[in-house]
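To keep things clear, I will list the structure first and then write my remarks on it.
What follows draws every value from the coordinates through simple rules; no lab data is involved. Bear in mind the structure is a predicted one, so any value in this text is a computation, not a measurement. Ideal geometry is used to build each Cβ from the backbone, glycine not excepted, and the neighbour counts take in all protein chains shown.
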Amino acid sequence: MGELDSIAVIGAGRLGAALSAALRAAGLRVDGPLGRGADPGAAAAGIVLLCVPDGEIAAAAAAVRPGPLVGHCSGATGLAPLAGHEGFALHPLMTVPAGAPPSVFAGAGCAIDGATPRALAAASGIAERLGMRVTRVAEADRAAYHAAASIASNFLVTLEAAA
């Protein structure tokens, strides 16, 4: 599958750990989750997937050597912080609990975008391998998408609690 043959996951939090386990269970070779300061280039990965806080995406991307596709998992952030790389966004539309099983992503929605057709195909390929339902969210629509997702998720819980 080209780039999907080897993925380095940067970020050892809940999302990085869950994505690493799920990608392995889907039969992909995964290096990670790797922590701060890791060198994803050492693994010769075709894709580097950043599962870091939104404010750290640009710095984490800048630390990746040129060559691999570089993606992030933020719902609110566009592709600009990935400048210098062929970038993509892959945002699972869900909360990932600690210790989630590899099947946690199956059936979940996933917003993707890509700076190039190859990057977009990689984002779509990752989501589909995990059983997610893919929707492309263009750069111009990202803020509205994130606001709607936050309202649907956070306010629904609040409304249910109030009821």
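Across the stretch 72-83, in residue order, what do the Karplus-derived ³J(HN,Hα) couplings come to in whole Hz, using 6.51 cos²θ - 1.76 cosθ + 1.60 with θ = phi - 60° and x for Gly and Pro?
10, 10, 7, x, 9, 9, x, 8, 3, x, 9, 3
Rank by packing, highest mean first: peptides 23-34, 52-63, 70-81, with packing defined as the count of other Cβ atoms within 10 Å averaged across residues.
Descending mean neighbour count gives 70-81, 23-34, 52-63.
Rounded to whole Å and sorted largest first, list the principal axis extents of the Cα atoms in the stretch 2-162.
Computed over the stretch 2-162, the largest-to-smallest principal extents equal 51, 33, 27 Å.
Simple spin-label model, 7 Å along Cα-to-Cβ: residue 65 to residue 151 in nm?
In this crude label model, residue 65 to residue 151 measures out at 4.6 nm.
Rounded to the nearest 20 debye, what is the charge dipole size of the stretch 2-162 about its Cα centre when +1 sits on each Lys and Arg Cβ and -1 on each Asp and Glu Cβ?
Using only the charged Cβ atoms, the result is roughly 240 debye.
I want to check the label-to-label distance for residue 141 and residue 76. Put each point 7 Å from Cα in the C-beta direction and report it in nm to one decimal.
That separation, rounded to one decimal, is 2.1 nm.
Any idea how far apart residue 134 and residue 24 come out in nm if each label point goes 7 Å out from Cα toward Cβ?
2.5
Taking a virtual spin label 7 Å from the Cα of residue 162 along the C-beta vector, which residues in the stretch 138-152 bring their backbone nitrogen under 15 Å of it?
Within reach of a label on residue 162: 151-152.
Starting from the Cα of residue 54, step 7 Å toward the Cβ, then list every residue of the stretch 80-111 with an amide N under 16 Å from that point.
80-82, 89-95, 111
So which GluC sites (Glu not before Pro) in the stretch 65-163 end up in coil per DSSP with only 16 or fewer other C-beta atoms within 10 Å?
none
Starting with the fewest neighbours, write out 110, 51 ranked by other beta-carbon atoms found within 10 Å of each beta-carbon.
110, 51
How many percent of Cα pairs in the stretch 90-163 exceed 14 Å?
Summing the P(r) tail past 14 Å for the stretch 90-163 gives 65 percent.
Counting other beta carbons within 10 Å of each Cβ, put 50, 4 in order, fewest first.
So the residues, fewest neighbours to most, are 4, 50.
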